[in-house]
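Right, one structure below, let's go through it.
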Amino acid sequence: AQRVTQPEKLLSVFKGAPVELKCNYSYSGSPELFWYVQYSRQRLQLLLRHISRESIKGFTADLNKGETSFHLKKPFAQEEDSAMYYCALKEGAGGTSYGKLTFGQGTILTVHP
Amino acid sequence: DAGITQSPRHKVTETGTPVTLRCHQTENHRYMYWYRQDPGHGLRLIHYSYGVKDTDKGEVSDGYSVSRSKTEDFLLTLESATSSQTSVYFCAISGVGNTEAFFGQGTRLTVV
């Protein structure tokens, strides 16, 4: 069965500092990886998906199949980045996953002024 | 924002009572999901639907049932609520193929 692990429950940085939120996964096939963000008491929103390889709000994430990781990075954190971040995995194409997502435990990022 | 609405947004209920949460979408997406969000566990899948009247269990389905009688509505029922079901419940929708999942605003359920 697939698993997603976010080792850091809490992460605090100062404004302007680099930030990296770690995500590791286990899955035997070819997965799709996502980062979702949840601002205070709001709905989850998609931040990044690995297949698009785009940068959103200055965040990037690279899928490393050798290390089975999908870490989220931003070179200069902003106060408005404070939120809960979830890494999620969807079974790859060809399977009958019906779009189901497996989430990590989440990391609360706090950016101090 | 995708057209997805959850009701109620907040509910307090007593142990042993039945509770039904509703998810309504206007996107005509085929797939619908119910997740629960708990500290230290992230989001866990309760049940999902891959079409009208087609549903299946997720990771934490015990004590929950679902129904989907039409494309736009997906109901989650707690047959006899327990304190361990106190949680925030999120509905999500997704289309066929490589599309993202869209989430509702959540329902905060407290079982006392």
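The values are calculated or read from the model by the stated rules, or taken from the named source; none is laboratory data. It should be emphasised that the depicted structure is a prediction, and the values quoted were computed from it without experimental measurement. Cβ sites come from the backbone with ideal geometry, for glycine too, and all protein chains shown count toward neighbours. Side chains included, ligands, DNA and RNA excluded: accessible areas come from the protein's heavy atoms. Shrake-Rupley method; radii C 1.70, N 1.55, O 1.52, S 1.80 Å.
To the nearest 100 Å², how much accessible surface do chains B and A cover up together, summed over both, with a 1.4 Å probe?
2000 Å²
Taking only protein heavy atoms and a 1.4 Å probe, what accessible area per residue, in Å², does the range B:8-112 have with all protein chains in place?
45 Å²
Can you give the alpha-carbon Rg of the protein assembly as shown over 2.2 N^0.38 Å, where N counts its residues?
1.01
Output ³J(HN,Hα) for the range B:81-89: one whole-Hz value per residue in order, computed from phi by the Karplus curve 6.51 cos²θ - 1.76 cosθ + 1.60 with θ = phi - 60°, and x for Gly and Pro.
Listing the rounded values in order: 4, 10, 4, 5, 8, 4, 5, 9, 10 Hz.
Determine the shielding of peptide B:100-108 by partner chains: average, over its residues, the number of Cβ atoms on other chains within 10 angstrom of each Cβ.
That average works out to 5.
So what is Rg over Rh here for the range A:3-112, counting just Cα atoms and using Kirkwood for Rh?
0.96
Quick one: accessible area per residue over chain A, 1.4 Å probe, rounded to a whole number of Å²?
50 Å²
First compute the accessible area of the range B:4-111 with a 1.4 Å probe, then give the percent of it belonging to carbon and sulfur atoms.
On the range B:4-111, the fraction of accessible area on carbon and sulfur atoms equals 46 percent.
How long are the three semi-axes of the equivalent ellipsoid of chain B, in whole Å, if each is the root of 5 times an eigenvalue of the C-alpha gyration tensor, listed from largest down?
Working through the eigenvalues yields semi-axes of 22, 14, 13 Å.
Tell me, what % of the accessible area of the range A:3-112 is carbon and sulfur with a 1.4 angstrom probe?
Answer for the range A:3-112 is 50 percent, counting heavy atoms of protein chains only.
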